[in-house]
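The values are calculated or read from the model by the stated rules, or taken from the named source; none is laboratory data. These numbers were taken from a predicted model, which means no experiment stands behind them. Cβ: placed from backbone, ideal geometry, glycine included. Neighbour counts: every protein chain shown.
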Amino acid sequence: MLEIVSFTLGPASTNAYLIADPETKEAAVIDPAWDGRVILGEAQKRGWRIGHMWYTHAHFDHIGGAAAIADSLNPLPHVALHPDDHVLWRAGGGGAFFGFDIDPGPEPTIDFIHGMNLQLGSNIFEVRYTPGHTKGHCVLYAEKENICFCGDLIFNEGVGRTDLPGGDWNILEKSIREQIFTMPDETVLLSGHGPQTTVGHEKKYNPFVRE
């Protein structure tokens, strides 16, 4: 079983997800967007232990809360990011371009690899490499739960921007068609911005990539 608490935080209204196995109380934060103490406080209230921070990509608005979370945890959480986004992470997620001085938090200790599995209690998450928004963007697919945490790859009737360094429209479209649209239509997509949607809805109504 998987429990999910979502937050919309920071200057870009970014979605962060606190997830946990209620049996083991083991928790992870997917994209600790901003205001890390808010996320940490919710975990503490529920008696969850944050042992992992998983980044779909390294833009500043998806890692801005990481340092505050890690500063309050001992031991430090395991941090996972695709190696193609390490340079972006070291640069504070490009925050300086938008006027933000970002502490990126603890060094990533796990390199995402396409097809690898992450485990949180009894829950398994498949890592799918989905570049296009950034060079190292990945999504996390929990097949058993019919849920995909898809970062800024695809939104409710929208797609991630490709005009920032590392972005590429053709690659992004390929990632969506090969890694998202191959999931069952009922799969819920939890994006980095905006409301949740489903694979089936996006196939039919997304004006950028509909079938």
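Worth a mention:
- Qualifying residue in the range 105-120 (condition: in a loop (DSSP other than H, G, I, E, B), surrounded by 15 or more Cβ atoms within 10 Å (Cβ to Cβ) and out of contact with any Leu (no Cβ under 8 Å at 6 or more places or on another chain)): yes
- Conditions (1) more than 17 Å from Ile63 (Cβ to Cβ); (2) assigned to a loop (DSSP other than H, G, I, E, B); (3) among the hydrophobic types (A, V, I, L, M, F, W, C): number failed by Leu189: (2)
- Residue-level check: of (1) of a type outside the set (A, V, I, L, M); (2) closer than 18 Å to Asp85 by Cβ; (3) at pLDDT below 95, Gly167 misses just (3).
- Figure legend. Inter-residue proximity from the range 58-71: first residues surrounded by fewer than 24 Cβ atoms within 10 Å (Cβ to Cβ), second residues among the aliphatic types (A, V, I, L, M) and part of a loop (DSSP other than H, G, I, E, B), beta-carbon distance below 7 Å, spacing 6+ or different chains. Indicated pairs: Ala70/Leu76.
- Any hit, the range 150-157, residues being farther than 20 Å from Val5 by Cα, at pLDDT below 95 and not hydroxyl-bearing (Ser, Thr, Tyr): no
- Candidate set from the range 135-180 (those that are assigned to a loop (DSSP other than H, G, I, E, B) and in contact with a strand residue (DSSP E or B) (Cβ under 9 Å, 6 or more places away or on another chain)); member that is surrounded by the fewest Cβ atoms within 10 Å (Cβ to Cβ): Asn146
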